[in-house]
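Worksheet: the structure to be examined is printed underneath.
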């Protein structure tokens with residue numbers, strides 16, 4: 001079985017397996033945030049952010065993705081505080097891609113989270 005390419009801005013259904021504590025786990029959509037060169041390279045890894053359908057107004061780091069953007073079936077929220085590097089073999093089903101505007105909001109929150117402003 002071949003390892004899928006993970007292009008920056010793509011939404012995939014992924015198997016995040018078991019988590020601990022507040023880590024997101026199980027089969028769920030994720031947004032690829034690593035550079036396309038990383039997600040299509042020989043390293044077979046991608047940096048992803050899980051999506052949730054739970055709206056948490058108190059969580060300023062979440063980015064809304066309104067259906068049908070990214071192939072989502074329900075309005076979701078990108079959990080930028082849950083950065084994770086995964087094997088691309090965990091990517092199960094490609095759903096679509098988010099807009100440049102959504103990626104811009106995600107990037108801003110990642111820079112905030114990592115103090116890169």
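In the range 89-103, the qualifying residues are those that are modelled with pLDDT of 95 or more and not in a strand (DSSP E or B), and the one that is nearest to residue 6 (Cα to Cα) is 98. Could you pull out the residue among 70, 96, 26, 89 that is out of contact with any helix residue (DSSP H, G or I) (no Cβ under 9 Å at 6 or more places or on another chain) and either free of Cβ contacts under 8 Å to residues at least 24 places away in the same chain or at positive phi (or both)? None of the other options fit; the residue is 26.
Residues in the range 69-94 that are surrounded by fewer than 19 Cβ atoms within 10 Å (Cβ to Cβ), touching a strand residue (DSSP E or B) at 6+ places or on another chain (Cβ under 8 Å) and more than 17 Å from residue 25 (Cβ to Cβ): 69, 71, 72, 75, 93, 94.
Considering only the range 30-54, state which residues are surrounded by fewer than 16 Cβ atoms within 10 Å (Cβ to Cβ) and in contact with a helix residue (DSSP H, G or I) (Cβ under 7 Å, 6 or more places away or on another chain). Listed by number, the list holds a single entry, 44. Among the numbered conditions (1) surrounded by fewer than 18 Cβ atoms within 10 Å (Cβ to Cβ); (2) under 18 Å from residue 97 (Cα atoms); (3) touching a strand residue (DSSP E or B) at 6+ places or on another chain (Cβ under 9 Å), the only one that residue 26 does not meet is (2).
The values are calculated or read from the model by the stated rules, or taken from the named source; none is laboratory data. Just so it is clear, the structure is predicted and the values come from calculations on it, not from any experiment. When we count neighbours, we look across all protein chains shown, and the Cβ atoms used for this are built from the backbone with ideal geometry, even at glycine.
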